[in-house]
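The structure appears right after this line, and notes come after that.
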Amino acid sequence: MNAQLVRVDGVSKTFPGVRALSDVSLTLDAGEVHALVGENGAGKSTLMKILAGIHHQDEGTVAIDGRVVEIDSPTAAQDLGISIIHQELSLMPDLTIAENIFIGRERRRGFGLFVDDADLNRRARELFDHLGIALDPRAKVGSLLVAQQQVVEIAKALSFDARIIIMDEPTAALTESETHALFGLIGDLKRHGTGIIYISHRLEELAAVADRITVLRDGACVGTLAARDADLRQVVSMMVGRQLRGQTRPPSLPGDLPTVLEVRGLSTKSLLKDVSFSLRRGEILGFAGLMGAGRTEVARAICGADRTDGGEIFLSGRRVRVSSPADAARLGIGYLSEDRKRFGLMLDQDVAFNIVASDLRRHVNAAGLVRDDQVRQTARRYVETLSIRTPSIRQRTKHLSGGNQQKVVIAKWLARDCEVLIFDEPTRGIDVGAKEEIYSLLRTLADEGKAIIMISSELPEVLRMADRIAVMCEGRLTAVLDNADADQETIMTHATKLVPGGGVAA
Amino acid sequence: MRDVDATGPAPASEALTAPEHVRTTRVGVLRRQLQQFLAFASLIALILFFSIADDNFLTWSNITGILLSTAVIGILALGTTFVIVSGGIELSLGTGMTLAAVMTGVFLTNLGWPLLLGVVAGILSGAAMGLINGLNIAVLRIPPFIATLAMMLIAQGLALVISGTAPIYFTDVPGFTDISQGELIPGVDLPNAVLILFALTALGAIVLRKSLLGRYAFAIGSNEEAADISGIDVRRWKILIYTLSGVFMGIAGVVLAARLNSAQPALGLGYELQAIAAVVIGGTSLQGGKGSIVGTLIGALIVGTVTNGLRIMSIPQEWQTVIIGLVILVAVYTDNLRRGRDG
Ligand SMILES: Nc1ncnc2c1ncn2[C@@H]1O[C@H](COP(=O)(O)OP(=O)(O)OP(=O)(O)O)[C@@H](O)[C@H]1O
Ligand SMILES: [Mg+2]
């Protein structure tokens, strides 16, 4: 029997208008991976933030090594040997990787006033060598891609040599190979007796990594099972309280759909080379590829967020110039960024404001004043359609759970009524139930005649949703497959190897 | 990029990420150097322009004149760079400096304290105002704009009340004017005020780039919430940052008083905006998280050079102000261009 590291007993927490946790209990043993699952807003992150000293519980106790403790600050949590990988990336973009990792723990020189930068970079280097990370510690975090930032978060959490590590959706932004690498690290940590609380919406991962699984629903514990004899479907129904449909493939589309968007020879200085494809009305075109393959770059180039070096874009046969996202939106191209915190949401504004923001024009009266009643109506409609879990449409979006924030971003673009919608990782950090809702939403939108691009790192999701699948590798389009001809293996082959002769046009 | 086997489990040593970063770093370093270079190049261009436009511009006495008139704004700008990097703003610089000058006058002239003690006490009165700003902002959570706006008014009023609205002269304090007007380096015709500006620049650059305080200013300005959950005592460091700015405010007050041989209670309002202008022209972002001390010095020199050059060319004072305003627009716009649209 291993020593018990953490014991959470009857913890409750209420935010204004929301009971986030009620009477939750949980234990974590040394060398154990304890998975915590539940729908968006179930309270997972809140529980973890209590352990990390960011929130304090209203009721209940937390014991570390059998002793009841008060964790009243992030530093107190660090001192107790607890470290956390935050769900929402919480790095400082203007600082370097090394500075971010060791922030608050810098070794000092010169009467304790100065930071020993050489030491900082050396320690980061050592840490990265040990973890097998190929990042330059002196690079600014702001210059990294989301997935790379996620890697930095992970490295930061591991750098504490903590005995208790909380991972709040660490794999949300990672590709499969990176996820496997992380699992390797988790294995090492377990052998050294570290206890890990692991939160994820990718339930398939749990079998590979977890020892026990605890399910939260609406802030309460539904149950704890041993991962070995857990049945995924059982876990899912515990999470959502109902049965879900299984996976399917989309039915094939009629061949004579008109082309809505055509991209020819798109190139950028940094990455993209001669990307050409077309997108038809009523179709969902999936974009698959490894991290850094250039999928997000394609989306950003199309919607004018990045400068292009060459290439033409045609909308319904007409050549258009898109030099900014505002241009794109005017032309009816909507882009849902993969990084909702940076590009997708005004976190300090309420839900209604965010949903209506890009479409405020249609919510003003003759005098040019905003019609609040209409704004509220629109906001309520989308909160309902997408089942956004929020106490009210007046709630500030920064207080929503991660998955619900994502839904607000989607609602925002739905309200805008675009012809072409580009979804970049639309289900990242979203629970199974909500995923289903978003899938059927995407399908409905396509059926209504919208043309949809869906970028996703989860192959099963691409296979399930996309009518055709564009595969990218190193900035080139290496294949466009019909769903019927695609499987995980074919996609991976195209994603990892360049087809001789360069890109394949669609 | 290597081929990665994405189906089988990879060993822990398998790279957690693709090696794209190498490019980004080098670009980052280049960019930073370019920023300094651009500001410096525009300074040189300005100097060239004015020296062609007017023969009297590039004379030693005019250059020291520019440096001397830049000193006060420059010192204020150095201190407030820390505040702006941390995502804050400081509006009480100008009148705070005046109050510090008046207090120095009270200590030295009215109370007859020894020179060193009086000067230190004068600087500390600046620090005290900074400390109060810091407490209001960090502890009472009053937004920096409002807290320092209030301090601006309070300092302005107090300077008038304490001095009885009349200037305090330092004629009876031997050696006081040497602080600004003396020439420490024998044989070189360079006023001490300028040496103080350069010394503080060097010190400030080290503190901003290398010290814990500087590092945390960047961290807080970059993402305050992240800094907080990383275990940084954000409150404490904010208080220190504003206090540091207050110290610079105090020094600027002493330097100004020593240059004028008097504390002028009605002077000072408007200096804060020129100082902020210098910081912004120097490439520091008002959003926080980005900035440099050397940039600020160059920014202050640009403001000083433009003012001086226009005056030599006999362009009226009113127009000088208009042109400084345009310089700010041009500087920030070119900075944006350089950063690209997503900066
Ligand atoms: N600071 C806060 N203020 C107000 N409400 C909050 C705050 N933090 C969380 N909540 C609410 O508490 C509930 C639980 O949120 P939490 O972030 O713990 O969910 P979660 O299980 O992590 O969800 P997800 O899977 O989407 O990340 C949600 O309804 C959320 O809106
Ligand atoms: Mg969460």
Check: Mind checking whether some residue in region A:464-472 is surrounded by fewer than 24 Cβ atoms within 10 Å (Cβ to Cβ), away from ligand 1 (no atom under 13 Å from the Cβ) and either part of a helix (DSSP H, G or I) or of a type in the set (Phe, Trp, Tyr) (or both)?
Finding: yes
Just one listed residue, out of A:Arg381, A:Arg319, A:Arg394, A:Arg330, is more than 16 Å from ligand 1 (Cβ to nearest atom) and either surrounded by 14 or more Cβ atoms within 10 Å (Cβ to Cβ) or more than 27 Å from A:Met454 (Cβ to Cβ) (or both), and it is A:Arg381
Looking across region A:100-117 at residues that are aliphatic (A, V, I, L, M) and at the interface with chain B (Cβ under 7 Å from one of its Cβ atoms), the single one that is surrounded by the fewest Cβ atoms within 10 Å (Cβ to Cβ) is A:Leu113
Of the residues in region A:49-60 that are within 17 Å of A:Thr14 (Cβ to Cβ) and either of a type in the set (A, V, I, L, M) or more than 16 Å from ligand 1 (Cβ to nearest atom) (or both), the one that is farthest from the other protein chains (Cβ to nearest Cβ) is A:Ile50
How many residues of region A:383-423 are in contact with a Lys or Arg (Cβ under 8 Å, 6 or more places away or on another chain), closer than 25 Å to A:Gly332 by Cβ and at pLDDT below 90? The answer is 7
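Which one of these is within 30 Å of A:Thr248 (Cβ to Cβ), away from chain B (no Cβ under 14 Å) and away from ligand 1 (no atom under 16 Å from the Cβ): A:Asp431, A:Asp373, A:Asp359, A:Asp417?
Working: A:Asp431 fails: away from ligand 1 (no atom under 16 Å from the Cβ); A:Asp373 fails: within 30 Å of A:Thr248 (Cβ to Cβ); A:Asp359 fails: within 30 Å of A:Thr248 (Cβ to Cβ).
From the options A:Asp431, A:Asp373, A:Asp359, A:Asp417, the qualifying one is A:Asp417.
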Considering region A:31-52, residues that are within 21 Å of the chain's Cα centre (by Cα) and assigned to a helix (DSSP H, G or I), and then whichever is nearest to ligand 2 (Cβ to nearest atom), we arrive at A:Ser45
Open item on the list: When you check A:Ala411 against the structure, is it more than 16 Å from ligand 2 (Cβ to nearest atom) and not in a helix (DSSP H, G or I), yes or no?
Closed with: no
Pairing a residue in region A:154-175 that is farther than 11 Å from A:Leu127 by Cβ with any residue that is within 16 Å of ligand 1 (Cβ to nearest atom) and of a type in the set (Phe, Trp, Tyr), where Cβ atoms lie under 7 Å and the two sit 6 or more apart in sequence or on different chains, gives A:Met167/A:Tyr198
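Collect the residues in region A:132-151 that are among the small types (Gly, Ala, Ser) and assigned to a helix (DSSP H, G or I), keeping them in residue-number order. So that I can check it myself, show each step before the final result.
In the first step, residues of region A:132-151 are kept if they are among the small types (Gly, Ala, Ser); the result is A:132, A:134, A:139, A:142-143, A:147.
Selection gives A:Gly142, A:Ser143, A:Ala147.
Just need a number here: residues in region A:55-74 that are among the polar types (S, T, N, Q) and either within 16 Å of ligand 2 (Cβ to nearest atom) or surrounded by fewer than 17 Cβ atoms within 10 Å (Cβ to Cβ) (or both).
Filtering region A:55-74 down to residues among the polar types (S, T, N, Q) leaves A:57, A:61, A:73.
When the remaining residues are screened for being either within 16 Å of ligand 2 (Cβ to nearest atom) or surrounded by fewer than 17 Cβ atoms within 10 Å (Cβ to Cβ) (or both), the result is A:61.
Summing the residues that are among the polar types (S, T, N, Q) and either within 16 Å of ligand 2 (Cβ to nearest atom) or surrounded by fewer than 17 Cβ atoms within 10 Å (Cβ to Cβ) (or both) in region A:55-74 gives 1.
Quick one: would you say B:Leu208 is surrounded by 15 or more Cβ atoms within 10 Å (Cβ to Cβ), within 14 Å of B:Ser292 (Cα to Cα), of a type outside the set (Val, Ile, Thr) and away from chain A (no Cβ under 14 Å)? Don't jump to the end; show me each part of the working.
Details: surrounded by 15 or more Cβ atoms within 10 Å (Cβ to Cβ): yes; within 14 Å of B:Ser292 (Cα to Cα): yes; of a type outside the set (Val, Ile, Thr): yes; away from chain A (no Cβ under 14 Å): no.
So B:Leu208 fails the test.
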Counting only residues in region A:292-311 that are among the basic types (Lys, Arg) and under 19 Å from A:Val146 (Cα atoms), the one surrounded by the fewest Cβ atoms within 10 Å (Cβ to Cβ) is identified as A:Arg300
All-but-one check, A:Gly66 against (1) at pLDDT below 95; (2) within 15 Å of ligand 1 (Cβ to nearest atom), failing number (2)
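The values are calculated or read from the model by the stated rules, or taken from the named source; none is laboratory data. Keep in mind the model is a prediction, meaning the values are calculated, not measured. Ideal geometry is used to build each Cβ from the backbone, glycine not excepted, and the neighbour counts take in all protein chains shown.
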